[in-house]
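The values are calculated or read from the model by the stated rules, or taken from the named source; none is laboratory data. Keep in mind the model is a prediction, meaning the values are calculated, not measured. FYI the Cβ positions are ideal-geometry reconstructions off the backbone, even for glycines, and counts take in every protein chain you see. Calculation scope for accessible area: heavy atoms of the full protein, side chains included, ligands and nucleic acids excluded. Shrake-Rupley method; radii C 1.70, N 1.55, O 1.52, S 1.80 Å.
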Amino acid sequence: MSDATETNEPLEPTGGSAGGRHVRVVLVDDHRMFRTGVQAEIGRTEETGVEVVGEAADVDQAVTVITATRPEVVLLDVHLPGGGGVEVLRRCAPLMSDAEQPVRFLALSVSDAAEDVIGVIRGGARGYVTKTITGTDLVNSVFRVQEGDAVFSPRLAGFVLDAFASTDAPPVDEDLDRLTQREREVLRLIARGYAYKEIAKQLFISVKTVESHVSAVLRKLQLSNRHELTRWATARRLV
Amino acid sequence: MPWAAGRVNIGGMPEAAALPVEDPRPPRKLYRSSDGRWLGGVARGLAGHLGLPVIWVRLVFVGLFLADGLGALLYASFWFFVPLGVGGVAGQRPPSLVSTETSPDGRRRLVARKPDKGQIVALLLMVVVALVFVGNVNLGDGAKAYLFPTVLVGAGVALVWRQADNARRARWAEVGGRRRTLSLLRAGGGVLLVTAGATAIFVLQGSAAHLGSVLQAALAVLVGITLLAGPYLVRMTQDLSEERLMRIRAQERAEVAAHVHDSVLHTLTLIQRNAESPNEVRRLARAQERDLRAWLYKPEGTGKDEADEPDTLAEAVRRSAAEVEDKHGVPIEVVIVGDCPLDERIGAQMQAAREAMVNAAKYGGEGGAVQVYAEVEGKKVFVSVRDRGPGFDLDSIPADRMGVRESIIGRMERHGGTARLRAVPDGGTEVELEMERAEKTS
């Protein structure tokens with residue numbers, strides 16, 4: 001449902017061929033039914049370019065499988081037995097920062113709760129999409145993460161805007177604790193359901209520039225040690 | 001939504017079940033009254049139960065008291081057997097330590113008040129009257145000598161028993177921990193009084209010479225009993241608290257089960273029945289998802305009834321989106337940044353936004369979800385509604401279709417806001433509504 005809006009390039013034709021791109025993916029989710037569904041939807045390697053190299057149902061399994069297969073992208077559920085997605089991120093931290101062949105995480109969850117969303121992003125995930133996303137959009141998001149870019153859903157963008165706006169306290173670190181005007185504009189358009197391409201047209205900038213703005217926001221979100229962020233997320237358990 | 005009613009009730013259930021005391025209309029059952037009582041709340045509770053003025057009941061007790069102390073015996077047994085509760089007669093009661101008050105949500109709450117001097121005076125007065133009365137009655141010298149110690153013991157017992165009542169009441173009213181020292185003092189005082197009375201009786205019996213050894217023996221027996229019964233007591237308390245925990249857990253599970261049954265199962269049944277119409281199925285599933293999310297992630301205490309009028313922007317936007325979604329079967333994604341109370345202008349904006357959502361769902365729903373974004377930034381409230389439909393040009397709309405012109409643009413402009421319709425570069429239409437908040441209401 002949030003489908004087209006979650007996407008970054010919704011109108012780009014992706015059906016038919018993988019277009020030469022290829023990515024190795026591990027699925028981490030405790031619902032077998034969901035894993036099967038995702039596998040069926042995006043796992044046809046010759047069409048989508050996605051190769052599912054492993055699956056895991058809990059934290060321990062996930063860490064083992066990820067370490068063994070070294071995928072490029074991990075689709076990570078937020079709620080997992082054994083500590084949740086955040087725990088997987090924590091234990092895989094060395095793999096994430098690997099310079100040669102980094103493992104990147106894309107959080108995938110039914111939860112829209114702010115603390116979950118902000119939690120995994122601050123744990124190191126490169127993006128957050130809800131499970132209602134369509135297969136095409138998910139494939140696009142996976143490739144975007146593989147390239148090291150960030151994937152923001154409209155809701156995540158809304159959370160970030162809210163979190164960075166909801167304080168009058170002076171920033172501790174000017175660089176990390178504030179969004180620039182441009183970043184705010186970009187986030188606002190994401191929250192309004194614009195795809196990156198549409199944002200680029202709207203703001204008369206290139207898609208690459210949009211991507212770099214979003215990545216900058218992600219960095220701020222992960223590195224800013226303003227405790228308002230965490231506090232805000234816990235205080236606001238609303239959907 | 002036929003299942004909505006069921007769900008709303010569930011939301012309200014746990015509170016009511018956890019605090020039966022707050023039930024606005026409890027079944028008529030005899031309780032001792034904790035409000036405005038003088039001693040144990042027996043007279044007040046009885047009066048409430050029988051529907052008589054308190055003073056009558058008190059007079060009857062005093063009268064019976066004169067008949068060989070029968071009243072005292074009755075009163076004591078009532079105090080012993082009847083549980084403390086909230087109730088008794090309302091009105092014309094003296095200000096008491098704790099009283100019920102009707103809070104804005106229509107529930108009765110226990111509210112702590114300052115202790116009343118009159119209550120203490122009444123207690124003292126009763127003791128004095130009793131002393132005088134017993135003094136006047138001819139009991140014979142032997143019995144008379146024991147009178148004072150007996151009264152002492154009685155006073156000590158009364159003190160400790162009232163203490164127990166207070167402890168129970170404090171559980172409901174959550175009277176702060178400040179009273180802990182006070183209650184300890186009271187318990188200590190009660191024990192002291194009882195001990196003094198008992199000792200006096202011993203002394204009067206003429207066994208004063210053996211007092212030391214008797215006390216020692218008593219102490220030894222006490223220690224022995226404690227050693228024997230101690231482990232059992234500890235076990236019992238642990239079992240009790242464990243059982244309480246289990247009960248709470250069972251209650252929670254029952255609540256979840258009730259919710260699942262009332263809403264989720266209901267929806268699944270409806271979905272099976274409507275399996276041949278995908279739109280209906282989508283609508284049902286979406287409505288259920290929304291319900292479930294609201295139930296799962298809603299902070300406790302804000303479980304508002306659906307029937308309530310929304311009073312903040314976020315609520316109003318969500319409500320409109322939910323209604324449009326239900327009516328037109330098109331998913332609407334809502335993202336809200338910030339929040340503010342509704343005023344007249346924002347109310348108009350909300351109506352315009354709703355109109356825009358309806359339009360988007362009607363004419364642009366095939367392209368995918370409708371995206372609604374609302375942001376409060378200082379005094380400015382911005383709402384955008386975007387669809388991914390074929391898009392349309394305002395100028396090419398026939399003049400007779402007044403929907404957009406009147407209900408969106410016209411409404412916004414009348415209230416001092418602006419509305420903009422535009423085509424999104426890659427397809428779809430976006431409606432942007434901007435409004436200044438009327439005044440600082442917070």
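Looking at the range A:163-176, can you tell me whether even one residue there is modelled with pLDDT under 85, under 24 Å from A:Q61 (Cα atoms), among the hydrophobic types (A, V, I, L, M, F, W, C) and in a loop (DSSP other than H, G, I, E, B)? Can you show your working first?
Just the residues of the range A:163-176 that are modelled with pLDDT under 85, to begin with: A:163-176.
Those still in the list that are under 24 Å from A:Q61 (Cα atoms) too: none.
The answer is no, given that none of the residues of the range A:163-176 is modelled with pLDDT under 85, under 24 Å from A:Q61 (Cα atoms), among the hydrophobic types (A, V, I, L, M, F, W, C) and in a loop (DSSP other than H, G, I, E, B).
Can you confirm whether the range A:108-116 contains a residue that is assigned to a helix (DSSP H, G or I) and without any contact (Cβ under 8 Å) to a residue 12 or more places away in the chain? Walk me through it before giving the result.
Taking the range A:108-116 first, the residues assigned to a helix (DSSP H, G or I) are A:114-116.
From what's left, without any contact (Cβ under 8 Å) to a residue 12 or more places away in the chain: none.
No, the range A:108-116 has no match at all.
Quick test of your reading of the structure: A:R44 fulfils all but one of (1) open to solvent by 70 Å² or more (accessible area, probe 1.4 Å); (2) within 28 Å of A:A216 (Cα to Cα). Name the failing condition by number.
All conditions pass for A:R44, except number (2).
Cβ-Cβ below 8 Å, separation at least six or inter-chain, first residue in the range A:190-211 and facing chain B (nearest Cβ under 9 Å) and surrounded by fewer than 20 Cβ atoms within 10 Å (Cβ to Cβ), second in a helix (DSSP H, G or I) and not polar (S, T, N, Q): which pairs?
Hits for this filter: A:K197/A:V207; A:Q202/A:L189.
Suppose we keep only residues that are modelled with pLDDT under 70 and part of a helix (DSSP H, G or I) within the range B:172-195. Which one would you say is least open to solvent (accessible area, probe 1.4 Å)?
Start the filter on the range B:172-195 by keeping residues that are modelled with pLDDT under 70, which leaves B:172-180.
From what is left, the residues that are part of a helix (DSSP H, G or I) are B:172-173, B:179-180.
Working: B:W172: 61, B:A173: 23, B:R179: 63, B:R180: 171 Å².
The extreme case among them is B:A173.
For B:L46, state whether it is surrounded by fewer than 21 Cβ atoms within 10 Å (Cβ to Cβ), modelled with pLDDT of 70 or more and out of contact with any Asp or Glu (no Cβ under 7 Å at 6 or more places or on another chain).
For B:L46, the condition - surrounded by fewer than 21 Cβ atoms within 10 Å (Cβ to Cβ), modelled with pLDDT of 70 or more and out of contact with any Asp or Glu (no Cβ under 7 Å at 6 or more places or on another chain) - is not met.
Look at B:R273 and say whether it is open to solvent by 40 Å² or more (accessible area, probe 1.4 Å), within 14 Å of chain A (Cβ to nearest Cβ) and not hydrophobic (A, V, I, L, M, F, W, C). Outline the logic, then answer.
Details: open to solvent by 40 Å² or more (accessible area, probe 1.4 Å): yes; within 14 Å of chain A (Cβ to nearest Cβ): no; not hydrophobic (A, V, I, L, M, F, W, C): yes.
No; evaluated as a whole, the condition is false for this residue.
Would you tally the residues in the range A:120-154 being within 14 Å of another protein chain (Cβ to nearest Cβ) and either closer than 18 Å to A:V88 by Cβ or in contact with a Phe, Trp or Tyr (Cβ under 8 Å, 6 or more places away or on another chain) (or both)?
Total meeting the criteria: 6.
Restricting attention to the range A:124-153, which residues are hydroxyl-bearing (S, T, Y), open to solvent by 10 Å² or more (accessible area, probe 1.4 Å) and part of a helix (DSSP H, G or I)? Quick ask: steps written out before the conclusion?
From the range A:124-153, those hydroxyl-bearing (S, T, Y) are A:128, A:130, A:132, A:134, A:136, A:141, A:153; that's our starting set.
Of the ones still in play, those that are also open to solvent by 10 Å² or more (accessible area, probe 1.4 Å) are A:130, A:132, A:134, A:136.
If the condition is that a residue be hydroxyl-bearing (S, T, Y), open to solvent by 10 Å² or more (accessible area, probe 1.4 Å) and part of a helix (DSSP H, G or I), then A:T136 is the only one that fits.
Pick out the one residue from B:A198, B:A229, B:A257, B:A217 that is open to solvent by less than 90 Å² (accessible area, probe 1.4 Å), under 24 Å from the mean Cα position of the chain (by Cα) and not hydroxyl-bearing (S, T, Y).
Of B:A198, B:A229, B:A257, B:A217, the one residue that is open to solvent by less than 90 Å² (accessible area, probe 1.4 Å), under 24 Å from the mean Cα position of the chain (by Cα) and not hydroxyl-bearing (S, T, Y) is B:A257.
For the range A:71-84, indicate whether the set of residues that are under 25 Å from A:G193 (Cβ atoms) and not in a strand (DSSP E or B) is non-empty.
yes
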